[in-house]
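Undergrad: This is the structure, below, for whatever I ask next.
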Amino acid sequence: MQSTLAEFSQAAQKLSRNPLGIIALFIVLVYGIAALVLGVSSDNLQPNERLPLIYFLVFFPFIVLVAFYSLVSKYHVKLYAPNDFQDKEGFFRALSPLEQKQKLDEEIKSIEEEVKPDILTNSKLLSVEMEGSGILKTTLTRHAYVLAEELAFREIESEFGVSVHRQVAIGRDYGFDGIFLHHGKPIAIEIKYTRHPQHSRMIMKRELERFSKIAQSMQPQPSFLFVVIAEGLKDEQKDIEMKRLMEMAEVAKLPVQIRLFDFDELKDKYGFSEILKKRKKYLSTTIRN
């Protein structure tokens, strides 16, 4: 008897680690009580009193089956945690090509909106130089963002000694630039590129709000790695911006690590400076012609 109770206690502890297990425990308890009541009190119950219990015992398993199927198929992200998978990588999925395109378009739009003052200042020069200045601006921005993201991934992989799974989502709703496992725990990566280092705080504020929503809706709470790649980031400015970003993360009380890189330094480090200059020159010449 003691052995049976010990086994049941161990099984209950395992089931109680996630919401789906708790639901299963509750169902077993309810079904067990109903069966016990019917078995012990059947002689004392009238036929019209036994009938509801019989119907319950007969149809309850089918109701549970339908409910479990609905929960697991539609809300599996909230019902399962990475620890429930033998391979924690199965907890994530790759973003579809359409989702990746939409995410990239949103990033490019955000970057172009933040540089509108520069565009207005140099609008006369651009209009004189080429008719397709808007196309060139968008093309160069897109190329710069993709390169910045690639260089950031290289830095992360080098620092943590891991291979990053790129363009992924936690479940159906939360897309990230990458996710990797560090000491058995998942860390979600969000990379932002900006041409103005002082805008990093505004970007950080927006992302912290997003991280907070994600953290509140998931158990266990994921960790985040927020990476900013900025143009023209000087050493003195980097220290100031990094300090302010860290203060914002502390106020938010979220498990966020922060990395701040100068774009030119990364391009020089990985040998992309000359390649990018040649590509920019080629695009300018092509659009002029």
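The values are calculated or read from the model by the stated rules, or taken from the named source; none is laboratory data. Just so you know, these numbers come straight off a predicted model, no measurement behind them. Note that each Cβ is placed from the backbone with ideal geometry, even for glycine, and that neighbours are counted across all protein chains shown.
Undergrad: Between 71, 15, 79, which is of a type in the set (A, V, I, L, M, F, W, C), within 25 Å of the chain's Cα centre (by Cα), modelled with pLDDT under 70 and surrounded by 10 or more Cβ atoms within 10 Å (Cβ to Cβ)?
TA: 79
Undergrad: Now for a different question. Specify which of the listed residues (216, 237, 167, 221) is part of a helix (DSSP H, G or I) and surrounded by 13 or more Cβ atoms within 10 Å (Cβ to Cβ).
TA: 237
Undergrad: Could you check, for the stretch 211-219, whether at least one of its residues is modelled with pLDDT under 95 and within 22 Å of residue 111 (Cα to Cα)?
TA: Yes: the stretch 211-219 contains one or more residues that are modelled with pLDDT under 95 and within 22 Å of residue 111 (Cα to Cα).
Undergrad: Just to be sure before I move on: is residue 5 in a helix (DSSP H, G or I), in contact with a helix residue (DSSP H, G or I) (Cβ under 6 Å, 6 or more places away or on another chain) and modelled with pLDDT under 75 in the structure I sent?
TA: Answer is no for this residue.
Undergrad: Something else now. Does the stretch 255-276 contain any residue that is at pLDDT 90 or above, in the same structural domain as residue 187 (by TED's automatic domain parsing) and in a loop (DSSP other than H, G, I, E, B)?
TA: The answer is yes, given that some residue of the stretch 255-276 is at pLDDT 90 or above, in the same structural domain as residue 187 (by TED's automatic domain parsing) and in a loop (DSSP other than H, G, I, E, B).
Undergrad: Of the numbered conditions (1) in contact with a strand residue (DSSP E or B) (Cβ under 9 Å, 6 or more places away or on another chain); (2) modelled with pLDDT of 70 or more; (3) of a type outside the set (A, V, I, L, M, F, W, C), residue 247 satisfies every one except a single condition; which is it?
TA: For residue 247, the failing item is (1).
Undergrad: Now for a different question. Criterion first (at pLDDT 75 or above, closer than 20 Å to residue 95 by Cβ and not polar (S, T, N, Q)) does residue 156 satisfy it?
TA: yes
Undergrad: Quick one: residue 180 ticks every box in (1) modelled with pLDDT under 90; (2) surrounded by 15 or more Cβ atoms within 10 Å (Cβ to Cβ); (3) not polar (S, T, N, Q) bar one, so which box is it?
TA: The single condition residue 180 does not satisfy is (1).
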